[in-house]
There are 2 protein chains.
Amino acid sequence: MTTTAGPAARQATLHAADLHHSLTEPVLESMTLLNEVSQRYPDAVSLAAGRPHEDLFDAADPERYLATFRRYLARERGYSPEAVRRTLFQYGRTKGIIHELVARMLALDEDIVADPESIVLTVGCQEAMVLALRALRADDRDVLLALAPTYVGLTGAAAMLDLPVAPVPSGGDGVDLAVLESEVRRLRARGSRVRACYVMPDFANPSGLSMDIAARRRLLEVASRLDLLLLEDNPYGLFHDGEHRPTLKSLDTERRVVYLGSFAKTALPGARVGYAVADTPVVGTGGSTHPLADELAKLKGMLTVNTSPVAQAVVGGHLVEHGCSLVAANAAQRRVYQRNLRRLLDGLAARFPEGGGVRWNRPSGGFFVVVDVPFAADDAALEESGREFGVLWVPMRHFYDHPDARCRLRLSCSAVGPDEIDTALDRFAAFVGSRS
Amino acid sequence: MTTTAGPAARQATLHAADLHHSLTEPVLESMTLLNEVSQRYPDAVSLAAGRPHEDLFDAADPERYLATFRRYLARERGYSPEAVRRTLFQYGRTKGIIHELVARMLALDEDIVADPESIVLTVGCQEAMVLALRALRADDRDVLLALAPTYVGLTGAAAMLDLPVAPVPSGGDGVDLAVLESEVRRLRARGSRVRACYVMPDFANPSGLSMDIAARRRLLEVASRLDLLLLEDNPYGLFHDGEHRPTLKSLDTERRVVYLGSFAKTALPGARVGYAVADTPVVGTGGSTHPLADELAKLKGMLTVNTSPVAQAVVGGHLVEHGCSLVAANAAQRRVYQRNLRRLLDGLAARFPEGGGVRWNRPSGGFFVVVDVPFAADDAALEESGREFGVLWVPMRHFYDHPDARCRLRLSCSAVGPDEIDTALDRFAAFVGSRS
């Protein structure tokens, strides 16, 4: 820190170069771009945003959810009025106050049997990632594996915690297991500790890829053989075409999977409530064993103290109103996202003939489709697309450093309506045509 | 990570010794003790908890605050129904959505002129501390100064970010400036970068100490001379005896003070909403300048994405209902805390004659009084006090490593009523008598 001038103009001054390195890393530019590009081109139709659809939400819903949760505490849990008040008003249990409801939801919707004590409610799934990475990153030897292309939130969390991320390529059925295995062996041979591998097995952001059941079982087998922890992130799994695949966690017999849960797409992003299921046993220095969740809770105490009980109550009321089933709560949302995805895929097929140089994958669910175009899909192209053609998308190069990413982009269909998708694709076709 | 047994019993296993070092540091034991001691002795009266008083809160308040905030957005801000819905439902602005209300409150209550763009809403004041420390901790040379005894939340945040904390003793008027200055020079001489000094100038937790105006000005002068950033934490300043002292930030002409704000005591802990005012200019690599708040927001994007808009709306509604004045909103709370503090101080005087070996300080506000007793005030003594005498307090040794802490303890009067204070002090006197 240096100062600028004489007494009159004296000011404290910091220099960006003296601040934490994550503040100048490419992932931050990517996060900023994703957040801001829509504001720069407000008249453009955005197929960039992965935000959830908001038409099915009413602004008064949170008030009703809160009232529902208060009634639940009083009637189902037998809380006194003072205990209900304390629950909403005060600092609360570090691991959260809706862990039983979340455990019931996981059993109903995902066939995951989770001890409520192994669940930590977090400030969105982002904090769950940060807590898991903070617990696992002990020193400079530690490395995280992540399927590439990779969700920027994971890359950002790792950067903030000085944890290097080694990419593992996604394959047709999710993950290239041969590369995963050789990468683990290579890293271990050079003295690195591979602390975990991050995967999004269902309709991944940004690739749209999903693993079939056989691929999930193979991944678990390889993880077991390599003694590798898996971090499973599952924000989109409920938005399938009728085939609800089992999560890695539900297939996990070795407590090897830390499940990172989000309510952003299945309840509301505005609550900022997520959770981790962390039942991997931790052997303490005295030899006794406790779930990893206990360690995450300690870190959470130092990071955010606890997740807002008011925000948890909003999500808790939402769960209570739907019998603890997010499948039931999201029946209409699933229809909307499936309709949009079909519209997007059909619209691409209608505008880009086969063999014409534009190709794309065909996810059966989720929010994202990846498109290959015959030109560099970079930020300059995006700016031109927004400015001249009124349509926004995301260059895939923001999600991985690989030659494949050069001419590849991500389209998202979650936040728009069917007519906007048609308009956006007309404009996108015009933009692609101008470059071809 | 190793596994335990053959295929049948095969389990992933972690070892505590391989996890981040903060998980085994003493500060965590302290935080755990503070959180759990009341649960272990549920029949004891707790003068340990620094939680706010909840009698003035109604469990339906958050619902009303939300409705108030929705009306404010629609009527005062001219938001369309869709914009109101989006504001509560979606991911939002990383720096927060109630920054204008907070800026108005700071101007009204604290005489702090803050550009709303220099304010970052956070998940409680804890996240504000974490963001500031994460920005400032760039490498192993970095050190933080903190007034000792020190709030455990600060010590915990620093441990989680591998940032060493060098203690500076509190003096009678707040901080021993000679020691501060010599400590900064000593650290710099050995190659350390002193990134900031953390202070709580009003009714500090745990010491109860406050700085008078002259001491605040002297601290700012020394900080300017040393070119030292100050982190000002102010959760208790409004609970004074009639003399509302100016914050360091309101006296700061050099943008040298990062102000860490809390709504936990002035609104409700259950919202988990706090904020940082961070207007210190940061010179970017290209030479342009932006407020530190922009850097904190980038880190926040990687840590929690944003602070729950629903939780912010609860605090926003509370501010709107009281004309953006927390002074107005907390008139009754101030009376309760002042009544309790007088009851505690009078009760100590009635039970412990002068010269009898028990001494205490006499804060004019806040929640905390520090008592010196003629025996070791350690965890074993606390356990006996809880088990045998039914009264809880906190050993000061949890807040600093100093010989003074040996026979020193903290009493808190915030969460109890006057009769409980009397009962607690009767029991405390019996406990002290049993040891004298």
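The values are calculated or read from the model by the stated rules, or taken from the named source; none is laboratory data. Quick caveat, the model's predicted, so the values are computed rather than measured. When we count neighbours, we look across all protein chains shown, and the Cβ atoms used for this are built from the backbone with ideal geometry, even at glycine.
Annotation: of all residues in segment B:405-436 being closer than 24 Å to B:Ser207 by Cβ and of a type in the set (D, E, K, R), the one that is surrounded by the fewest Cβ atoms within 10 Å (Cβ to Cβ) is B:Arg435. Among the residues making up segment B:371-404, a single one is at pLDDT 95 or above, surrounded by fewer than 20 Cβ atoms within 10 Å (Cβ to Cβ), of a type outside the set (Asp, Glu) and touching a Pro at 6+ places or on another chain (Cβ under 8 Å): B:Ala381. Can you name the residue in segment A:216-234 that is part of a helix (DSSP H, G or I) and surrounded by fewer than 24 Cβ atoms within 10 Å (Cβ to Cβ) and, of all such residues, is farthest from the other protein chains (Cβ to nearest Cβ)? Going through the qualifying residues, I end up with A:Arg218. Taken over segment B:241-269, the residue count meeting the criterion of being more than 9 Å from chain A (Cβ to nearest Cβ) and under 16 Å from B:Leu292 (Cα atoms) is 5. A single member of B:Thr2, B:Thr32 is β-branched (Val, Ile, Thr), part of a loop (DSSP other than H, G, I, E, B) and modelled with pLDDT under 95, and it is B:Thr2. Surrounded by fewer than 17 Cβ atoms within 10 Å (Cβ to Cβ) and in contact (Cβ under 8 Å) with a residue 12 or more places away in the chain: is that true of B:Pro169 in this structure? Answer is yes for this residue.
Close Cβ contacts (under 7 Å, 6 or more residues apart or on different chains) running from residues in segment A:295-320 that are at positive phi to residues that are part of a helix (DSSP H, G or I) and crowded, with 24+ Cβ neighbours inside 10 Å comprise A:Val305/B:Gly124; A:Val305/B:Gln126.
Out of segment A:303-356, which residues are surrounded by fewer than 17 Cβ atoms within 10 Å (Cβ to Cβ) and farther than 23 Å from A:Gly237 by Cα? Scanning segment A:303-356 gives A:Ala349, A:Ala350, A:Pro353, A:Glu354, A:Gly355, A:Gly356. Within segment B:392-418, if we keep just the residues that are touching a residue at least 40 places away in the same chain (Cβ under 8 Å) and part of a helix (DSSP H, G or I), the residue that is farthest from B:Ala377 (Cα to Cα) turns out to be B:Pro418.
Hey, among B:Val120, B:Val130, B:Val102, which residue is within 12 Å of chain A (Cβ to nearest Cβ) and in contact (Cβ under 8 Å) with a residue 60 or more places away in the chain?
B:Val130
Being within 27 Å of B:Arg10 (Cβ to Cβ) and surrounded by fewer than 24 Cβ atoms within 10 Å (Cβ to Cβ) is not true of A:Val258.
Considering segment B:50-64, and only residues there that are more than 9 Å from chain A (Cβ to nearest Cβ) and buried (at least 19 other Cβ atoms within 10 Å of the Cβ), the residue that is modelled with the highest pLDDT turns out to be B:His53. Looking across segment A:270-287, just one residue is surrounded by fewer than 23 Cβ atoms within 10 Å (Cβ to Cβ), facing chain B (nearest Cβ under 7 Å) and over 20 Å from A:Asp115 (Cβ atoms), and that is A:Thr285.
With a requirement of 3 or more residues that are among the hydrophobic types (A, V, I, L, M, F, W, C) and under 28 Å from B:Thr94 (Cβ atoms), the helices (runs of 4 or more DSSP H) lying completely within segment B:107-200 that satisfy it span B:124-136, B:152-160. I need the full set of residues from segment A:353-367 which are of a type outside the set (Lys, Arg) and out of contact with any Phe, Trp or Tyr (no Cβ under 7 Å at 6 or more places or on another chain), in order please. Those that are of a type outside the set (Lys, Arg) and out of contact with any Phe, Trp or Tyr (no Cβ under 7 Å at 6 or more places or on another chain): A:Pro353, A:Glu354, A:Gly355, A:Gly356, A:Gly357, A:Trp360, A:Asn361, A:Ser364.
Could you tell me which of the residues A:Ala107, A:Ala135, A:Ala157 is without any contact (Cβ under 8 Å) to a residue 40 or more places away in the chain and at the interface with chain B (Cβ under 9 Å from one of its Cβ atoms)?
Among A:Ala107, A:Ala135, A:Ala157, only A:Ala157 is without any contact (Cβ under 8 Å) to a residue 40 or more places away in the chain and at the interface with chain B (Cβ under 9 Å from one of its Cβ atoms).
For segment B:178-185, check the following and say yes or no: at least one residue is within 14 Å of another protein chain (Cβ to nearest Cβ) and either over 19 Å from B:Tyr259 (Cα atoms) or within 21 Å of the chain's Cα centre (by Cα) (or both). Yes, segment B:178-185 has at least one match.
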